[in-house]
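Mind having a look at this structure? Questions to follow.
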Amino acid sequence: DADTHDSSHDFGKDIIPDVIDKYRVMAYAFRDPRSGKQAYWRDVGTIDAFWAANLELIGVTPELNLYDDSWPIWTYQEQLPPAKFIFDDENRRGMAVDSMVSGGCIISGSVVRNSLLFSNVRVNSYCTVSDSVILPGVEIGRKCRITKAVIDRGCRIPEGTVIGEDPEQDAERFYVSEGGVVLVTADMLGQVLNYVR
């Protein structure tokens, strides 16, 4: 309902009730078959909630365990090469710690900590990415520092960009949530997004 001006664009409040009125809708009762308790559910209607729900997945024992063979998640997944981590010099080491890095990603001489990288993300040399959710097809230029951010699909972060360290400066260029999460979109960077895998 992006074009509905009087909507808050929330799934539970606006979108789902509108769909129920217009279409035949089916629901699945998400219950753990063993215990009968409500299974995993998160409302991701805000940037803060979206960021938190994604970062929950990287925990040691997340409530939604993507590695649980007894409750597999079946979805379309593009066939991509494995994630690659390159360079092992003292000041230029490609590595990720306490993070999830999807297929097609290349971490080139940079450090990723406590973050979730969707597919086809490229992090160029001398960067640090912390406490962030990076959506598909993002390219992060050299010498960037990104902290507590959500970087939208297809963004090209220019070399030397610093995000998440100065809330006032971030608010001039990007959207900063109530919880201090910085949302960066291609439009905010002055970029036109045509197509991203």
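Bear in mind these aren't lab numbers, they're just calculated from the coordinates by the rules spelled out. Computed from a predicted structure; not experimentally measured. Because the Cβ atoms are built from the backbone with ideal geometry, glycine has one as well, and the counts that use them run over all protein chains shown.
As an exercise, use a Förster radius of 35 Å and the Cβ-Cβ distance of K143 and A52 to find the FRET efficiency, rounded to the nearest 0.05.
E between K143 and A52, to the nearest 0.05, is 0.80.
On to the next question. For segment 84-189, what is one quarter of the convex hull surface built on the Cα atoms, given in nm²?
Computing the convex hull of the Cα atoms and averaging its projections yields 5.8 nm².
Sticking with this structure for a sec: May I ask for the Rg/Rh ratio of the chain, computed from Cα atoms with Rh as the Kirkwood radius, given to two decimals?
Here the Rg-to-Rh quotient is 1.00.
Hey, with R₀ at 45 Å, roughly what FRET efficiency would R113 and D187 work out to, going by the Cβ-Cβ distance, to 0.05?
0.95
Could I have the simple spin-label model distance between Y40 and K84, label points 7 Å from Cα toward Cβ, reported in nm to one decimal?
Reported label-point gap for Y40 and K84 is 3.0 nm.
Same structure again: Could you tell me how many degrees, from 0 to 90 and to the nearest 10, lie between the Cα long axis of helix 47-56 and the main elongation axis, the longest principal axis, of the Cα atoms of the chain?
Helix 47-56 sits at roughly 80 degrees to that axis.
If you don't mind, there's one more thing I want to ask. Can you tell me the length gained on complete extension of the stretch R31 to T61, counting 0.36 nm per residue apart and subtracting the Cα distance?
8.9 nm
Between D68 and D98, what's the calculated FRET efficiency when r is the beta-carbon distance and R0 is 22 Å? Round to 0.05.
Efficiency for this residue pair is about 0.70.
Something else about it: Which value in nm describes the separation of the simple spin-label points at Y175 and D6, placed 7 Å from the Cα toward the beta carbon?
2.2 nm
Further, regarding this structure: Cα-based count: Lys pairs in the chain below 28 Å, eight or more positions apart or different chains?
Lysine pairs meeting the criterion: 5.
Shifting gears a bit: Read phi for every residue in segment 180-192 and hand back ³J(HN,Hα) as whole Hz from Karplus 6.51 cos²θ - 1.76 cosθ + 1.60, θ = phi - 60°, with x for Gly and Pro.
Computed from phi, the couplings for segment 180-192 are x, 7, 9, 9, 10, 10, 4, 4, 5, 8, x, 10, 9 Hz.
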